[in-house]
Amino acid sequence: MSADVISALLVEDNPADVALLMKLLQNSDAKSWQITHVKRLKPALEHLHKTEFDVILLDLSLPDSQGLETVIQIQTAFPHLPIIVLTGLKDELFARQAVAHGAQDYLVKGQVSTELLLKSVSYAIERSQILKRLQESEHRFREVFNQTFQFMGLLSPDGVVLDINQVATEISNFQHELVLNHLIWESPCWQSNEKSQSWLQEAVLRASQGETVRSELQALSPRGTSWWFDVSVKPVRNKDGNITLLIAEGRDISKLKRAEAEIRRSLEKERELNQMKNSFIAMVSHEFRNPISAISFGVNFLEGCDLPAEQKARCFERIHRAIDQTLHLLDEILLLGRTESGRVEVEYTRLELKEFCCEIVENFQITQGKSHQIIFVSEGNSSEARTDASLLKHTLDNLLSNAIKYSPKGSVIRFTLTCQGDQAKFCIQDQGIGIPQKDQPKLFEAFHRAANVSGIQGTGLGLAIVKRCVDLQKGQIYFESQERIGTTFTVILPRNLIQIEHKQAVEDYCFQ
Ligand code: ATP
Ligand code: MG
């Protein structure tokens, strides 16, 4: 619309009414008019598609459209076009309904003056421009509301959700009907967490009294996983200072929370490692001190006096035992260190497991004398395997030495090898002191010794090494034990380690 020219589309099929309106318009000296006249709705719509009009003067009873329908069709196709309905006296009710459906005004034919017509047209144009600006502003606000990374909800002061933005819609899995017009703490995403729900309830109460409240809350994501939000609830006051609205906002901090948990875990691990290092140092100094003192004492003793040959031999024997003990301890520490740092290479050799176990048992019988009876039984047809001989020897040596160490002299130790399919099972059963229930969960941790072993020498490293050896051989280890009845350790290993490693390598390759 230029300042002085109003372009209007007149849709009227009654020539007398047209003539009357034209006359009124000509009388107006304030504005000049550019009138396009049509008699039916169809050509009116065609004109509107081609040309931009400032206003439409619309008769409701047209040959091709009647009543409200005429307004609705134009309103739907051109929502920003101001419509002034022209109506007869008897149709005034219709005209009012038309205004309720978006027409700006109505004029009763026969009761219109030039002045009234001009006023109605300028108000209609002005109102429709204000409406357009309002809609644009609402659109801008909605865009900002939706584009923010935070979830946002507008709440009534008692916590009913009036509106939510796009992020909140996604959080609530697009279930508007379960969110809008419901209390915020009843939304599906908060329902799994009572703590979050009661915080929101409290937050709404405090915000409605003027406070801004903020906290980290846990919610349930649509996929059923846990979500963390940094949530705040703020009051909004009207110009009289009354709280009319609350804004609930929340930033997804799940990643941050996960990182925090990771850091906490690392710190905990570091603390455990430090603790382990300290107990390691304490243990090493203690365990080395005894045999080295024995060696030192023996050497001094031998130097200091001229002893009979028999006493000398006993002294040498003690020195040798102490040296063996020290070397064994050193070996264990070194092996544990190597397995911990991943420096142990698994070497596959073809082994006849039955022969291999027999040899280990024989060695024990030679070194232990007849203190215990070790009964070895092999079950299954073939006992051939492809595995790491050194890791397997460490495993069985440790388990057998424990069985001997923790069971009374003269008792029986049963060692069973069962080869079946692609697995080899090793069971070592003793009738010894057993392992207290309380110690069982920590048994494979380095330096852990059960409460019932006082007086029996050991460092608590053997089983930690066994566990790592079994893991390296891709096997499993478990035990059953009852105090004062006995203990059975079972190790299950794959018989063809190469095949497994190869399969793993192929899988790793395929997943890359
Ligand atoms: P070492 O490092 O010299 O082997 P250790 O025997 O004390 O010392 P592990 O072999 O790691 O250490 O065993 C850890 C603990 O588990 C033992 O101290 C003991 O309390 C318990 N334990 C292991 N095997 C048996 C068993 N067969 N019977 C009873 N207790 C056992
Ligand atoms: Mg041991």
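The values are calculated or read from the model by the stated rules, or taken from the named source; none is laboratory data. Predicted model only: the values in this text are computed from it and were never measured. Every residue, glycine among them, receives a Cβ derived from its backbone with ideal geometry; neighbour counts consider all protein chains shown. We work out accessible area using only protein heavy atoms, side chains counted, and drop any ligands, DNA or RNA first. Shrake-Rupley method; radii C 1.70, N 1.55, O 1.52, S 1.80 Å.
Data table
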quantity	calculated
Computed [θ] at 222 nm, deg cm²/dmol, the chain (DSSP H ≥ 4; -39,500 (n - 2.57); rounded to nearest 500)	-16000 deg cm²/dmol
Calculated P(r) tail over 27 Å for segment 5-144, as whole % of Cα pairs	16 percent
Radius, Kirkwood style, for the chain when every pair of distinct Cα atoms is counted (Å)	32.9 Å
Solvent-accessible ranking of Tyr123, Tyr478, largest area first, probe 1.4 Å	Tyr123, Tyr478
Contact order relative to length of segment 148-252, as percent, for alpha carbon pairs under 8 angstrom and 6 or more apart	29 percent
The chain - charge dipole about Cα centre, Lys and Arg +1 at Cβ, Asp and Glu -1, debye rounded to 20	1080 debye
Acute angle (nearest 10 degrees) that the helix 15-27 long axis makes with the longest principal axis of the chain, alpha-carbon atoms	90 degrees
Rounded to 5, the percent of DSSP beta bridges in the chain classed as antiparallel	65 percent
Overall form of segment 219-368 per C-alpha gyration tensor (a/c, 1.5; a/b vs b/c)	prolate
Near-label residues of segment 418-437 by backbone N, under 20 Å of a point 7 Å along Cα→Cβ of Ser454	433-437
Whole-number accessible area per residue in Å² for segment 148-252, which is evaluated in the context of all protein chains at 1.4 Å	54 Å²
Three-way shape label, segment 298-388, alpha-carbon gyration tensor, a/c 1.5	oblate
For Val121, solvent-accessible area (1.4 Å; no DNA, RNA or ligand), Å²	0 Å²
Average Cα contact separation per residue, the chain, under 8 Å, 6 or more apart, as relative contact order %	7 percent
Stretch gain in nm, segment Asp158-Leu327, where the contour uses 0.36 nm per residue and the Cα spacing is subtracted	53.3 nm
Exposure ranking of Thr418, Thr76, Thr395 by accessible area [1.4 Å probe, largest first]	Thr76, Thr418, Thr395
Residue-level accessible surface for Val18, protein heavy atoms, 1.4 Å, Å²	20 Å²
For segment 371-386, 3J(HN,Hα) per residue [Karplus equation, 6.51 cos²θ - 1.76 cosθ + 1.60, θ = phi - 60°, Hz, x = Gly/Pro]	4, 9, 9, 9, 9, 9, 10, 10, 10, x, 6, 9, 10, 7, 8, 10
In sequence order, calculated HN-Hα J values of segment 392-407 (Karplus, 6.51, -1.76, 1.60; Hz; x Gly/Pro)	5, 5, 4, 4, 5, 4, 4, 5, 5, 5, 5, 4, 5, 4, 9, 9
Summed residue charge, Cβ within 12 Å of Lys234's Cβ, Lys/Arg positive, Asp/Glu negative	+1
Aspartates and glutamates with Cα under 16 Å of Lys90, excluding same-chain neighbours fewer than 8 positions away	Asp17, Asp59
Charge sum, other residues only, whose C-beta stays under 14 Å from Gln482's C-beta, Lys/Arg counted +1 and Asp/Glu -1	-2
Contact order relative to length of segment 5-144, as percent, for alpha carbon pairs under 8 angstrom and 6 or more apart	22 percent
Solvent-accessible area, 1.4 Å probe, carbon plus sulfur percent, for segment 349-502	48 percent
Ranked by how many other beta carbons lie within 10 Å on average, peptides 266-274, 425-433 from highest	425-433, 266-274
Probe 1.4 Å, all protein chains present, accessible-area order of Arg251, Arg484, largest first	Arg484, Arg251
